[in-house]
Amino acid sequence: MLTIVLWLMIVIMNLYEMVMIADVIMSWIPNARFTKVGKVIHSLSSIYLGKFRGILVIGILDFTTIIGFVLYNLFLSGMVSLLGA
C-alpha cells in the first residue's frame, strides 16, 4: 500500500515539474502568461517557485528558479530511493 502511495506521489510530482518547466518556457515568450492556459500554469507553478523569488538575483538574471528545481529534484530523488526504484 505504501509503495502505491509513494508511486502516485512521484507521478504527481513529475507532472507538477512539467508544469513548472512550461511556466519557465512561457516566461521567455511575450504575452504567453496572459492567455487562459498561461494564467493557470503560472498560478500552479508559483505555489512552489514563488517561495524562492528574489533569493539569488545577479544583475538582471534571476537564478531562484534553478534553486527551486534543484531542491525539488533532491526531494523527488529521495522519494524514489524510498520506493527502491
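Taking the criterion of being of a type in the set (Val, Ile, Thr), in contact with a Phe, Trp or Tyr (Cβ under 9 Å, 6 or more places away or on another chain), in a helix (DSSP H, G or I) and surrounded by 12 or more Cβ atoms within 10 Å (Cβ to Cβ), would at least one residue in segment 19-27 satisfy it?
yes
Given the criteria closer than 30 Å to Leu2 by Cα and in contact (Cβ under 8 Å) with a residue 24 or more places away in the chain, does Leu71 qualify?
no
Identify all residues within segment 65-85 that are among the β-branched types (Val, Ile, Thr) and either under 19 Å from Ile29 (Cα atoms) or outside any helix (DSSP H, G or I) (or both); write none if there are none.
Answer for segment 65-85, where residues must be among the β-branched types (Val, Ile, Thr) and either under 19 Å from Ile29 (Cα atoms) or outside any helix (DSSP H, G or I) (or both): Thr65, Ile66.
Among the residues of segment 32-62, how many are at pLDDT below 90, farther than 25 Å from Leu76 by Cβ and assigned to a loop (DSSP other than H, G, I, E, B)?
Selection size over segment 32-62: 2.
The values are calculated or read from the model by the stated rules, or taken from the named source; none is laboratory data. Fair warning: this is a prediction, and the values are worked out from it, not measured in the lab. Cβ atoms come from the backbone with ideal geometry, glycine included; neighbour counts cover every protein chain shown.
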